[in-house]
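Below is one structure, written out as structure tokens; comments come after it.
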Amino acid sequence: PALAAAGFEPQPEAWWFTHHTAAVGDLAATPRVDGYRFRHVEPHEARERDPGTAAAWSDFGPSKVDERAYRQLMAARPYRHDLDWVAVDADGQMVASVVVWLDEATGVGLVEPVGCVPEHRGRGLAGAVTLAALHHLGAVGGSLAQVSPRGDDDYPGPQRLYRSLGFRPTARTVTWTRSLA
């Protein structure tokens, strides 16, 4: 009511985010994916972590994430290297990844971002590495995981992934705008 009274109008056609949660204790076991192993990133691995991150997001144009940017991410509070997980191929390359940001006061872990190098997509790596990270979240005291993918029909893949892992939608964003004229 306050937004409407101030002249704002909802924009139901605008892209939006949907908030999903999952109880960590209710998640399925991490599946085995032949030829890959799952582990957390070590504090000294920014250089090794960067190429996989950049390649995972290259569908949207050149990635701005480089080693320097990843080092900055790793230095940000509340980053924890034990909640930064990767799928590693037989050659030792990091090919899928997820970061979970734990709020220790509430036990909630925010999943963001999840990505997979294009050449390794379609094998279940994004989901498997996410489950591995979330099981570790539970081991360090986390009880609830949250993720907020886009909810509109133009970008359905992430929602499908998270729902397949046991996340359920709880709320969504709504864009409200008003004319400045």
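The values are calculated or read from the model by the stated rules, or taken from the named source; none is laboratory data. In this text, all values refer to a predicted model and were calculated from it rather than measured experimentally. Don't worry about glycine lacking a Cβ; one is built from the backbone with ideal geometry, like all the others, and counts go over all protein chains shown. Heavy atoms of the whole protein, side chains included, go into the accessibility calculation; ligands, DNA and RNA do not. Shrake-Rupley method; radii C 1.70, N 1.55, O 1.52, S 1.80 Å.
General remarks:
- In Å, descending, principal axis extents of the Cα set of region 70-115: 39, 20, 15
- Legend: calculated FRET efficiency, Thr170 to His44, from the Cβ-Cβ distance at R0 = 30 Å, rounded to 0.05, equals 0.20.
- Packing, as the average of other Cβ atoms within 10 Å across residues, places the peptides 55-66, 84-95 in the order 84-95, 55-66, highest first.
- Per-selection Rg to Rh, region 90-136 - Cα, Kirkwood hydrodynamic radius: 1.05
- The chain, dipole about Cα centre (Lys/Arg Cβ +1, Asp/Glu Cβ -1), debye to the nearest 20: 240 debye
- Principal axis extents of the C-alpha atoms in region 60-181 (largest first, rounded to whole Å): 57, 37, 32.
- Between region 104-181 and region 23-74, the alpha-carbon centres lie 14 Å apart.
- Placing unit charges on each Cβ (+1 for Lys and Arg, -1 for Asp and Glu) gives the chain a dipole about its Cα centre, and among Ala87, Ala28, Pro149 the Cα reaching farthest toward its positive end belongs to Ala28.
- Relative contact order %, region 1-92, counting alpha carbon pairs below 8 Å whose residues are six or more apart: 35 percent
- Short-range pairs are left out: with C-alpha atoms under 8 Å and at least six residues apart, the relative contact order of region 86-181 is 23 percent.
- Debye, to nearest 20: dipole size of region 1-53, +1 on Lys, Arg Cβ, -1 on Asp, Glu Cβ: 240 debye
- Electrostatic dipole magnitude of region 22-79 [Cβ: Lys, Arg +1; Asp, Glu -1; Cα centre; debye, to 20]: 160 debye
- In the full protein context, region 64-181 carries 52 Å² of accessible surface per residue, based on a 1.4 Å probe and ignoring ligands, DNA and RNA.
- With every protein chain in place, the chain: carbon and sulfur % of accessible area (1.4 Å): 54 percent
- Helices assigned as whole DSSP H runs in the chain whose Cα atoms extend at least 18 Å along their own long axis and whose mean Kyte-Doolittle hydropathy is -0.5 or higher are found at 125-139.
- Mean residue ellipticity, 222 nm, helices only, the chain: the sum of -39500 (n - 2.57) across DSSP H runs of n ≥ 4, divided by residue count and rounded to 500, is -7500 deg cm²/dmol.
- Placing a pseudo-label 7 Å from each Cα along the Cα-to-Cβ vector at Ser58 and Gln93 gives an inter-label distance of 0.9 nm.
- Over the chain, relative contact order from alpha-carbon pairs under 8 Å, at least 6 apart, %: 36 percent
- The order of the peptides 8-14, 134-140 by mean Cβ neighbours within 10 Å, most packed first, is 134-140, 8-14.
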